[in-house]
Amino acid sequence: MNASVPFTNNTPLCYSINSPPFKYHPTIASAYFSAIFTTLGITSNLIAFVVLLKSFQRTHSRSRTFLIFLGGLVVTDTMGLLVTGSIVISFHVTHFNWRLLDPSCHFCNFMGMSMVFYGLCPLMLGAAMAMERFVGINHPFARSTSMPKRRTVSMVLMVWLIAGCIALLPLTGIGSYHMQMPGSWCFFNISSEGNNLAFSLLFSLVGLMSIAVSFLLNTVSVVTLIKVCCGQDRTQRRRDHEIEMMVQLILIMVIASICWCPLLVFIAQTVLSGGPLRIKYLLLWIRFATWNQILDPWVYILFRRAVLKRIYPRLEWSRGSIMTLYPSFSNTVRRFTRSSLGSTLGPDETGEAHESNVTPPSTLKPPPPSP
């Protein structure tokens, strides 16, 4: 695994830590694994993209904003798998020498930027979708009935721009991209020294903050949606389409948290502790994070009303809410919301409401009996 080319002053920066050519170990990296992984992810995202196009044409304008965010996420995941997967597979098939192919580190820097960009984009898009759903559910009158498509597209482009600016920082001296073992990919230098420490913490904190924002906003939105569906005004506000979107958004958040948190925490822990980088764990958590791009599209493919209605025909989507399937849960939440509303009222108000429901006794005397 050690480099056969010794380090000299003329060695480019990206090869200063690990310099190719490397001894190839098929137990560490496999061409079959990378090819199957990439093909499965691209195929899944293409299927999801077709499903989203059909849904966008048939759905009403209120749900199109969320579908545009989902489309941006699908495009990001597809391009990420296509760009990084093609480089990794090419290396495993040809075993090319990076220093001969890329003596100036341009290709290595490009792959490192791609890893950072396509890694942060799904997490930041998840936070943007959670923010859009939070506003749409908790403050429905604070905006128009449907956010203009141009504004939604601008938000997706803004997320891509922010992630792109972060990915460009190592080229300005804040951090640096380096060849990583076993020699098939490039990533930023995870180190506790100088600018490398700053960029490592920036990448980790941006990802963790995006997940935290998604968790916080989605939790508030779910609580509000349950109160709407199970409260006294449930007959006036049927929002099955919003429940569908929230289910998809929560699953996206859960998948992102499970897949990305180990890598983000590992990076932060490594640079803050000042210990050596453990390559075995880095490879493990990188592959773990890549599962996010494969599992995300199946959320849009499987967790739709049309699919769930076929699997569970008892769901009466067109006439009632999902909560009608579980009346005991609905009654429990209704009692909880009523009790919480009652606790906010004063004793005079509750007493007045109680007395209003009681018929006062009649003050008229009964007629005397006729002789």
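The values are calculated or read from the model by the stated rules, or taken from the named source; none is laboratory data. What you see is a predicted model; the values in this text were computed from it and never measured. In this analysis, Cβ positions are derived from the backbone assuming ideal geometry, glycine residues included, and neighbour counts consider all displayed protein chains. Ligands, DNA and RNA are excluded from the accessible area calculation, which covers all protein heavy atoms including side chains. Shrake-Rupley method; radii C 1.70, N 1.55, O 1.52, S 1.80 Å.
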Report yes if Arg234 is modelled with pLDDT under 85 and in contact with a Gly (Cβ under 8 Å, 6 or more places away or on another chain), otherwise no. no
For Val299, work out the one condition from (1) more than 23 Å from Leu202 (Cβ to Cβ); (2) modelled with pLDDT under 90; (3) open to solvent by 60 Å² or more (accessible area, probe 1.4 Å) it doesn't fulfil. (3)
Selected residue (criterion: modelled with the highest pLDDT) from residues of the stretch 7-45 that are over 25 Å from Pro170 (Cβ atoms) and over 33 Å from the mean Cα position of the chain (by Cα): Lys23
For the stretch 258-278, give me each residue that is open to solvent by 30 Å² or more (accessible area, probe 1.4 Å) and part of a helix (DSSP H, G or I). Ile258, Cys261, Pro262, Val265, Gln269, Leu272, Ser273
List the number of the failed condition for Pro182; all other conditions in (1) open to solvent by less than 30 Å² (accessible area, probe 1.4 Å); (2) in a helix (DSSP H, G or I); (3) more than 30 Å from Val247 (Cα to Cα) hold. (2)
Of all residues in the stretch 33-91 being charged (D, E, K, R) and surrounded by fewer than 22 Cβ atoms within 10 Å (Cβ to Cβ), the one that is farthest from Leu120 (Cα to Cα): Arg58
